[in-house]
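Chemist: Quick one: the structure is below, questions incoming.
The values are calculated or read from the model by the stated rules, or taken from the named source; none is laboratory data. Given the structure is predicted, the values throughout are model-derived calculations rather than measurements. Methodologically, a virtual Cβ is constructed for each residue, glycine included, from the backbone with ideal geometry; neighbour enumeration extends over all protein chains shown.
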Amino acid sequence: MKKVIAAVVFMLLVAVFAPFGASDVAFANDGKTMPPQNLSVRERDGNYYLTFENVPGNNGYEVVVNGTTNVVEKDVTTVLINVKSGSEFLVKIRTICADETRTSDFYETTLVIGRALSAPENLTMSADKKLSFSAVDGAVSYDVVINGVSVLKSATKTKIELNDVLTSPINYEIKVRANGDNRLTFDSKFSTLSYDNVMKLGTPENVGITSVDGKVILSFDSVSYASGYEIDVNGEILKTTDNNYDLTDKVSVPADYTIKVRATGGKGYDAGEWATTTYECRKTIESPRLLVENKTVSWAKSEGANEYSVVVTFMETEIEKVDRFSGTSFDLSELVAKHGAGEYAVKVQALSNGNYDYSDVTTIYYRNYLTLEAPTVAVNGTIVSWTKVENAVDYTIKIDGRIISTNVTAESFDVSPYVAEVKTYTIAVVANANGWYYESAEGTATFVKTGALSSPVPTASGSVVSWTKVLGATAYDVYVGGEKVLTVTETTADISTYLQQGENKVKIVATAEGFSDGVSEEIVVIGDAIERVGLKTYKLKIAANESDYIVFVDGQRTDKKIANGRITLPDTAKKMIIVPDIADLTEEGVVTLFSEIDLTTDGKDGEEYVPTFVGEEFSAEKLTLIGEEGTNELGEYIVDGGIKVYYLNEKGKYRPKQTGEE
């Protein structure tokens with residue numbers, strides 16, 4: 001039987017095929033019925049059906065597909081077959097008649113179910129412009145169309161190099177389809193990839209750094225298509241549109257800098273590779289500014305300095321050197337103590353182990369002037385001598401503060417030509433110096449000029465003795481019967497109180513400090529035969545200024561004064577009260593008030609009497625000033641133990657505060 005190869009078009013059917021028939025029965029030459037003609041395959045709901053023309057007079061059909069037989073009933077012209085798309089298969093079919101002798105022979109043919117290929121998926125473009133996509137099952141090749149232009153046909157690989165095609169920084173519409181064998185498989189739809197072609201810019205060349213008029217300038221060759229440049233200075237990104245850049249402010253700190261530059265562009269261009277250069281910024285450290293105070297040289301830390309060298313010279317000779325010194329002050333005390341007076345030069349240089357150069361050396365001077373030791377002065381007669389002072393040039397001699405001689409080179413001096421007045425002199429000697437020393441403080445000693453007073457010439461008129469004035473005398477002692485009874489400053493004295501009845505030998509002794517006494521000859525003074533009142537001297541121990549007290553005797557105010565802890569009163573006195581005469585008292589001052597003194601019960605110390613009494617101290621805060629209430633009489637105040645102490649109740653004087661009084 002003649003074989004026919006038919007191409008079957010792949011279709012989707014949505015209706016059930018109705019059988020068709022003919023009124024005429026076709027017969028082969030042998031008298032058999034003809035087999036069905038016009039075989040085709042239809043697809044419905046994912047299944048494939050074989051269809052054919054209905055043969056009149058059939059009683060069914062026998063269909064064999066790929067060796068599988070299926071017999072259908074009369075006039076059934078659609079048969080479900082087990083085949084796949086994209087395949088070819090052998091079909092045999094014959095018409096079955098009721099009369100077996102008329103059943104047709106098998107009609108045999110090969111049918112094809114074509115399959116449309118899937119469009120390529122996962123279209124991507126690599127950085128090196130390689131187009132890749134997933135392989136399509138059944139594809140025999142691939143076509144690539146870019147921006148409407150076929151750039152590759154019948155490619156057999158799924159990775160395609162497009163470097164020579166994508167040469168502009170634009171958007172490319174890239175389409176790819178899978179090609180079938182046009183029999184079992186049909187060409188797919190085009191898949192599309194929209195690709196922005198980014199061109200990588202070139203790398204700047206001839207990158208260099210130059211110094212121009214104190215500025216640090218980075219320069220490099222321009223890069224084609226670059227719209228600008230990025231500059232990386234130790235991680236800091238700078239931008240410019242020029243092929244040079246002023247880096248002065250960016251590399252001003254001493255350090256090693258890595259400087260990179262690359263080209264940048266707009267849309268369609270990637271930045272180029274970095275071009276790299278280096279720059280070393282160095283500075284000379286600023287010289288230390290030195291200050292000297294209290295034998296210590298100090299300075300502020302210099303930028304970039306981590307150590308200093310210190311050299312000390314004394315009178316231009318090096319005495320100390322410290323090669324590496326981390327502090328910012330240097331104490332000269334020990335060196336000054338060791339080497340003494342003179343000029344010290346301190347030289348400091350700032351050092352660095354980084355991008356700084358050593359500073360210049362700065363020098364400061366400390367001039368140590370010393371004061372000469374004061375001479376130790378001694379006096380022997382009229383000769384003043386002193387110890388020799390080291391480094392002294394000569395000496396100056398002063399008497400009572402007045403210079404009498406300078407530039408004395410010896411260690412002794414006779415002062416006799418310079419002293420005449422009888423008194424005590426202060427002799428001072430100053431050691432003189434020059435260069436690195438100051439003159440010494442004064443060394444002093446006292447020199448006493450002595451003399452002898454002339455003798456007074458006494459005379460008497462009754463009980464009144466007078467005498468000639470003695471030049472230089474400051475007081476006169478009156479002696480009666482060999483005992484001193486008075487000391488006066490005038491040249492007359494009434495000695496009636498001290499005369500005994502009958503003859504009394506009297507002499508006058510002139511006195512003055514620094515002079516030997518001038519003693520008169522004795523004269524005789526006749527004493528009257530009358531009753532005399534005797535005197536008593538009392539010792540009073542008071543811890544106060546004796547002149548600040550007023551003395552009351554037997555209730556009467558007197559002008560008697562306590563002197564040197566003693567007071568002389570008539571031996572008839574019975575009671576004595578002493579009160580303070582103080583009108584101005586400091587906050588720290590104190591006043592002592594005393595009890596009444598009984599003069600009739602005194603003990604005796606040799607020729608002097610020692611009375612017993614009580615004293616009570618009052619601080620300023622316990623006292624108050626007496627106002628208009630003052631009566632000018634004695635006031636009383638009772639202290640612990642019920643003892644009365646006394647004060648003068650006079651306006652402007654002080655009295656104790658009473659209990660509760662502010």
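Chemist: Can you tell which of Gly46, Gly67 is surrounded by fewer than 17 Cβ atoms within 10 Å (Cβ to Cβ) and under 26 Å from Ala178 (Cβ atoms)?
Modeler: Selected residue: Gly46, the only one of Gly46, Gly67 that is surrounded by fewer than 17 Cβ atoms within 10 Å (Cβ to Cβ) and under 26 Å from Ala178 (Cβ atoms).
Chemist: For region 70-90, give me the residue count where each residue is surrounded by 13 or more Cβ atoms within 10 Å (Cβ to Cβ) and in a loop (DSSP other than H, G, I, E, B).
Modeler: 7
Chemist: Continuing with this model, one more query. Taking the condition of being surrounded by 13 or more Cβ atoms within 10 Å (Cβ to Cβ) and not in a strand (DSSP E or B), how many residues in region 254-302 meet it?
Modeler: 14
Chemist: In region 98-115, what residues are under 27 Å from Glu88 (Cα atoms) and among the charged types (D, E, K, R)?
Modeler: Within region 98-115, Asp105, Glu108, Arg115 qualify.
Chemist: Follow-up. What are the residues in region 589-607 that are at pLDDT 80 or above and either of a type outside the set (Gly, Ala, Ser) or not assigned by TED's automatic domain parsing to the domain that holds Leu625 (or both), if any?
Modeler: Of everything in region 589-607, those that are at pLDDT 80 or above and either of a type outside the set (Gly, Ala, Ser) or not assigned by TED's automatic domain parsing to the domain that holds Leu625 (or both) turn out to be Val590, Val591, Thr592, Leu593, Phe594, Glu596, Ile597, Asp598, Leu599, Thr600.
Chemist: Here is a further query. When the residues of region 561-578 are filtered to those that are free of Cβ contacts under 8 Å to residues at least 24 places away in the same chain and closer than 22 Å to Tyr498 by Cα, which remaining residue is surrounded by the most Cβ atoms within 10 Å (Cβ to Cβ)?
Modeler: Out of the qualifying residues, it is Ile562.
Chemist: Just to be sure I understand the filter: pairs with C-beta atoms under 9 Å, separated by 6 or more residues or on different chains, first member in region 97-122 and within 17 Å of Gly138 (Cβ to Cβ), second member exposed (fewer than 12 other Cβ atoms within 10 Å of the Cβ) and among the polar types (S, T, N, Q). Which pairs pass?
Modeler: Gly114/Asn182
Chemist: Let me ask something additional. So the check is Cβ under 7 Å with 6+ separation or different chains; which pairs have a first residue in region 319-331 that's of a type in the set (Val, Ile, Thr) and surrounded by 13 or more Cβ atoms within 10 Å (Cβ to Cβ) and a second one that's modelled with pLDDT under 90 and not in a strand (DSSP E or B)?
Modeler: Short answer, once both residue conditions are applied: Thr328/Lys301.
Chemist: Let me ask something else about it. Residue under question is Ile96, and the condition is that it be among the aliphatic types (A, V, I, L, M), farther than 30 Å from Thr185 by Cβ and crowded, with 17+ Cβ neighbours inside 10 Å; does it hold?
Modeler: Yes: the conditions hold for Ile96.
Chemist: Right, next: Do you know which residues across region 141-164 are closer than 27 Å to Arg183 by Cβ, surrounded by fewer than 16 Cβ atoms within 10 Å (Cβ to Cβ), touching a Ser or Thr at 6+ places or on another chain (Cβ under 8 Å) and of a type outside the set (Ser, Thr, Tyr)?
Modeler: Matches in region 141-164: Lys153 only.
Chemist: Considering only region 174-194, I want to know if a residue exists there that is among the basic types (Lys, Arg), in the same structural domain as Ala275 (by TED's automatic domain parsing) and in contact with a strand residue (DSSP E or B) (Cβ under 8 Å, 6 or more places away or on another chain).
Modeler: no
Chemist: Then there's this: I need a count of the residues in region 64-85 that are among the aliphatic types (A, V, I, L, M) and over 16 Å from Ile113 (Cβ atoms).
Modeler: Residues flagged as among the aliphatic types (A, V, I, L, M) and over 16 Å from Ile113 (Cβ atoms) within region 64-85 amount to 4.
Chemist: Within region 470-494, which residues are under 11 Å from Ala512 (Cα atoms) and among the aromatic types (Phe, Trp, Tyr)?
Modeler: Once the filter is applied, which keeps residues that are under 11 Å from Ala512 (Cα atoms) and among the aromatic types (Phe, Trp, Tyr), region 470-494 yields only Tyr476.
Chemist: Could you grab the pairs with beta carbons closer than 9 Å, sequence gap of 6+ or different chains, first residue in region 357-374 and under 15 Å from Ser329 (Cα atoms) and assigned by TED's automatic domain parsing to the domain that holds Thr313, second one among the hydroxyl-bearing types (Ser, Thr, Tyr) and in a loop (DSSP other than H, G, I, E, B)?
Modeler: These pairs meet every condition: Thr362/Ser287.
Chemist: Need pairs with beta-carbon distance below 6 Å; first residue free of Cβ contacts under 8 Å to residues at least 40 places away in the same chain and within region 211-223, second of a type in the set (S, T, N, Q) and assigned to a loop (DSSP other than H, G, I, E, B); sequence gap 6+ or separate chains.
Modeler: Between residues of region 211-223 that are free of Cβ contacts under 8 Å to residues at least 40 places away in the same chain and residues that are of a type in the set (S, T, N, Q) and assigned to a loop (DSSP other than H, G, I, E, B), the close pairs are Asp221/Asn206; Ser222/Asn243.
Chemist: What do you reckon, is Val553 under 29 Å from Arg655 (Cα atoms) and of a type outside the set (D, E, K, R)?
Modeler: Spelling it out, Val553 is indeed under 29 Å from Arg655 (Cα atoms) and of a type outside the set (D, E, K, R).
Chemist: Would you check if there is a residue in region 626-639 being under 60 Å from the mean Cα position of the chain (by Cα), outside any strand (DSSP E or B), over 19 Å from Asp559 (Cα atoms) and of a type outside the set (Val, Ile, Thr)?
Modeler: No: zero hits.
Chemist: Continuing with this model, one more query. Residues of region 99-129 being assigned to a strand (DSSP E or B) and at pLDDT 95 or above, which ones?
Modeler: Answer for region 99-129, where residues must be assigned to a strand (DSSP E or B) and at pLDDT 95 or above: just Thr124.
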